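Read through the structure below, which is laid out as structure tokens, and then see the notes.
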Amino acid sequence: MRVLCAFPEAMPSSNSRPPSCLAPVALFLALLLHLFLSSQAGDRRPLPVDRAPGLKEKTLILLDVSTKNPIRTVNENFLSLQLDPSIIHDGWLDFLSSKRLVTLARGLSPAFLRFGGKRTDFLQFQNLRNPAKSRGGPGPDYYLKNYEDDIVRSDVALDKQKGCKIAQHPDVMLELQREKAAQMHLVLLKEQFSNTYSNLILTARSLDKLYNFADCSGLHLIFALNALRRNPNNSWNSSSALSLLKYSASKKYNISWELGNEPNNYRTMHGRAVNGSQLGKDYIQLKRLLQPIRIYSRASLYGPNIGRPRKNVIALLDGFMKVAGSTVDAVTWQHCYIDGRVVKVMDFLKTRLLDTLSDQIRKIQKVVNTYTPGKKIWLEGVVTTSAGGTNNLSDSYAAGFLWLNTLGMLAHQGIDVVIRHSFFDHGYNHLVDQNFNPLPDYWLSLLYKRLIGPKVLAVHVAGLQRKPRPGRVIRDKLRIYAHCTNHHNHNYVRGSITLFIINLHRSRKKIKLAGTLRDKLVHQYLLQPYGQEGLKSKSVQLNGQPLVMVDDGTLPELKPRPLRAGRTLVIPPVTMGFYVVKNVNALACRYR
């Protein structure tokens, strides 16, 4: 069952009107009876009711939630993050110790941090001192080369919570780094469009910085190893990976592992294809490599991180699952909604686009359940647009509709974890820009983390609606999802429920809470664009107040707007928001 509803419009009937008092009352009572009987019979579908002649154009939606048992329970780290290896190429890896970046990442913890992307399979590990120390000339490396950890010692502080290295980098250093990154961005784009990638060197010092960032931020690092190092017989060459594993073990780094990134693209990227059976054998080889290393003998292993499940990709997954399905702790794949040629903000509001993910989920689940029923499935590296995204669109408020609907749909259909590409730096799909400022999707993710728990609840909706016009395509523009409120949020007692609602209509919608939600206090967290750019804005407001980091570099308090008990929810046009229904005492939400 889809946790959403749609209310199509049509021309009103010209039939004679019934008495103005009795018809609406009778219709409303019939509607409540229909809702009650349907819920008793286990009907989970939206309940359409024909619009009576003469009723006003406004639609009243009745909403209830099943509170006895959750329909799904996802991972505590459901919303997780990704960093692309390109940060080694453009130099941003040296700045992961920034106090501001660590603060922003901590806001989204607990979560996984996947270090992987298109350049995963061109990553070479060398247990050497950072080669940046031998380079001179004006630029970030010039300012960094004389310091032991590539950060200015006078600005390094130990975090009181965890003893982590946190830095406050000088403005001149950040400005030079942004210039360097802008030049390197053009090189990286050229590589991506030509499918010719240069090798990346990951030093031991760089790995230390990556792990310091993950550990200080409360994120669990998942490292994707290079799978394109091949022996003459096409088997995986594990020599570089073994060196990295031994170094990480010597430092007692708590890491989970993957092998490769989008193996279905190896022929175009490297001229050497790897089928599912061989990839499965490579994963078994990696598992055997981990077992003698004490700290990694029970480390989690994820894969195969395939791309969009087309016919050839499904064949690869089938071969992999047949050989190594029991080896991985979760099966992973990637999804990109639209290509990089998006030019209109309204492209992000197309309901047909929002629904493309659902069919892919079913394809992946079918293969996985054939070989390992019940195996966890993760969506890794989800992006709104490919090729790094589109400036002023992929990083705007409008892109949030795709992101929030992705979170709701995946949880409802039983996907255990979704990893957002990327937290920082890569293209325009990131959550944080190069000035270390959070973008709209960051604030959306922060609200999700603070308010949404792992238990998914079934939603029942009914509404007064008009008949559809003949031949008109009807798609869902109002989407409603429900979860137990995050039990780590001490502002709400256990048993509370959080709704998140997407309204793509150009008119406001009214929602009346019914059943178990009737007459309960509600806290509203309405997220809207801030500024003159409208949907293209890179700033957002929460309940009318702009969201910005505090001057001391901390996150602002996310204040709700209390709504009067029993009040109808009014959802403004083309907006999204969270609604915590307090003191429901939902049985499904009272216990972990």
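The values are calculated or read from the model by the stated rules, or taken from the named source; none is laboratory data. Nothing here was measured: the structure is a model prediction, and the numbers come from that model. Using ideal geometry, Cβ is built from the backbone for each residue, glycine included, and neighbour counts are taken over all protein chains shown. The protein model used for the area step is the full one, side chains on, heavy atoms only, and it has no ligands, DNA or RNA in it. Shrake-Rupley method; radii C 1.70, N 1.55, O 1.52, S 1.80 Å.
Quick notes on this one:
- Taking every residue in the stretch 356-385 that is without any contact (Cβ under 8 Å) to a residue 24 or more places away in the chain and pairing it with any residue that is hydroxyl-bearing (Ser, Thr, Tyr) and open to solvent by 10 Å² or more (accessible area, probe 1.4 Å), at least 6 positions away or on another chain, the pairs with Cβ-Cβ distances below 8 Å are Thr356/Tyr337.
- One residue from Met321, Met346 being over 20 Å from the mean Cα position of the chain (by Cα) and modelled with pLDDT under 95: Met346
- Each residue in the stretch 251-275 was checked for being outside any helix (DSSP H, G or I) and within 28 Å of the chain's Cα centre (by Cα), and 10 of them qualify.
- Boolean, Leu317 is in contact with a Pro (Cβ under 9 Å, 6 or more places away or on another chain) and on the phi < 0 side of the Ramachandran plot: yes
- Listed by position, the strands (runs of 3 or more DSSP E) enclosed by the stretch 61-131 that each have at least 2 residues that are of a type in the set (A, V, I, L, M) and within 24 Å of Gly408 (Cβ to Cβ) are 79-83, 111-115.
- Filtered residue count, the stretch 562-592, keeping only those that are part of a loop (DSSP other than H, G, I, E, B) and either open to solvent by less than 90 Å² (accessible area, probe 1.4 Å) or in contact with a Gly (Cβ under 8 Å, 6 or more places away or on another chain) (or both): 12
- Screening the candidates Lys559, Lys512, Lys538 for the property of being within 30 Å of Leu393 (Cα to Cα) and either within 20 Å of the chain's Cα centre (by Cα) or part of a strand (DSSP E or B) (or both) yields one hit, Lys538.
- Top-ranked residue of the stretch 539-557 - restricted to ones that are touching a helix residue (DSSP H, G or I) at 6+ places or on another chain (Cβ under 6 Å) and not small (Gly, Ala, Ser), ranked as least open to solvent (accessible area, probe 1.4 Å): Val540
- His483 fulfils the conditions (1) in a strand (DSSP E or B); (2) within 27 Å of Glu76 (Cα to Cα); (3) modelled with pLDDT under 95; (4) not basic (Lys, Arg) except for a single criterion, (3).
- Residue within the stretch 358-373 that is closer than 25 Å to Arg119 by Cβ, in contact with a helix residue (DSSP H, G or I) (Cβ under 6 Å, 6 or more places away or on another chain) and either outside any helix (DSSP H, G or I) or of a type in the set (Phe, Trp, Tyr) (or both) present: no
- Take the conditions (1) modelled with pLDDT under 95; (2) of a type in the set (A, V, I, L, M); (3) within 28 Å of Phe78 (Cα to Cα); Ala227 misses just one of them, which is (1).
- The listed residue being modelled with pLDDT under 95, open to solvent by 10 Å² or more (accessible area, probe 1.4 Å) and over 17 Å from the mean Cα position of the chain (by Cα), out of Arg352, Arg298, Arg308, Arg294: Arg352
- Filtered by the rule that a residue be loosely packed, with under 14 Cβ neighbours inside 10 Å and either in contact (Cβ under 8 Å) with a residue 12 or more places away in the chain or not charged (D, E, K, R) (or both), the stretch 180-220 gives Ala182, Gln183, Leu186, Val187, Phe193, Ser194, Asn195, Thr196, Ser198, Asn199.
- Any hit, the stretch 110-117, residues being touching a His at 6+ places or on another chain (Cβ under 9 Å), surrounded by fewer than 20 Cβ atoms within 10 Å (Cβ to Cβ) and modelled with pLDDT of 95 or more: yes
- Verdict on Lys350 being closer than 22 Å to Asn405 by Cα and basic (Lys, Arg): yes
- Pairs, first under 17 Å from Tyr525 (Cβ atoms) in the stretch 560-573, second hydrophobic (A, V, I, L, M, F, W, C) and modelled with pLDDT of 90 or more, C-beta under 6 Å, six or more apart: Leu563/Val522; Leu569/Ile511; Ile571/Ile501
- Some residue of the stretch 154-167 being assigned to a helix (DSSP H, G or I) and more than 30 Å from Leu317 (Cα to Cα): yes
- Extreme residue, nearest to Leu357 (Cα to Cα), among residues of the stretch 410-435 that are at pLDDT below 95 and surrounded by fewer than 24 Cβ atoms within 10 Å (Cβ to Cβ): Tyr428
- Filtered residues of the stretch 320-335 (kept if of a type outside the set (S, T, N, Q) and surrounded by 18 or more Cβ atoms within 10 Å (Cβ to Cβ)): Phe320, Met321, Val323, Ala324, Gly325, Val328, Ala330, Val331, Trp333, His335
- Residue match in the stretch 377-389 (condition: open to solvent by less than 10 Å² (accessible area, probe 1.4 Å), among the polar types (S, T, N, Q), over 26 Å from Ser326 (Cα atoms) and assigned to a loop (DSSP other than H, G, I, E, B)): no
- Selection status of Asn212, over 25 Å from Ala105 (Cα atoms) and polar (S, T, N, Q): no
- Within the stretch 239-252, no residue satisfies the criterion of being among the hydroxyl-bearing types (Ser, Thr, Tyr), under 9 Å from Ile295 (Cβ atoms) and open to solvent by 20 Å² or more (accessible area, probe 1.4 Å).
- Of everything in the stretch 214-250 that is touching a helix residue (DSSP H, G or I) at 6+ places or on another chain (Cβ under 8 Å) and assigned to a loop (DSSP other than H, G, I, E, B), the residue that is farthest from Ile284 (Cα to Cα) is Gly218.
- Within the stretch 265-285, tally of residues that are in contact (Cβ under 8 Å) with a residue 60 or more places away in the chain and not β-branched (Val, Ile, Thr): 3
- Evaluated against (1) closer than 26 Å to Ala588 by Cβ; (2) under 24 Å from the mean Cα position of the chain (by Cα), Pro546 falls short on exactly one condition, (1).
- Restricting attention to the stretch 86-109, the residues being among the small types (Gly, Ala, Ser), open to solvent by less than 10 Å² (accessible area, probe 1.4 Å) and touching a His at 6+ places or on another chain (Cβ under 9 Å) number 2.
- Answer residue from the stretch 265-276, given it is in contact with a Lys or Arg (Cβ under 9 Å, 6 or more places away or on another chain) and at pLDDT below 95 and is surrounded by the most Cβ atoms within 10 Å (Cβ to Cβ) among those: Tyr266
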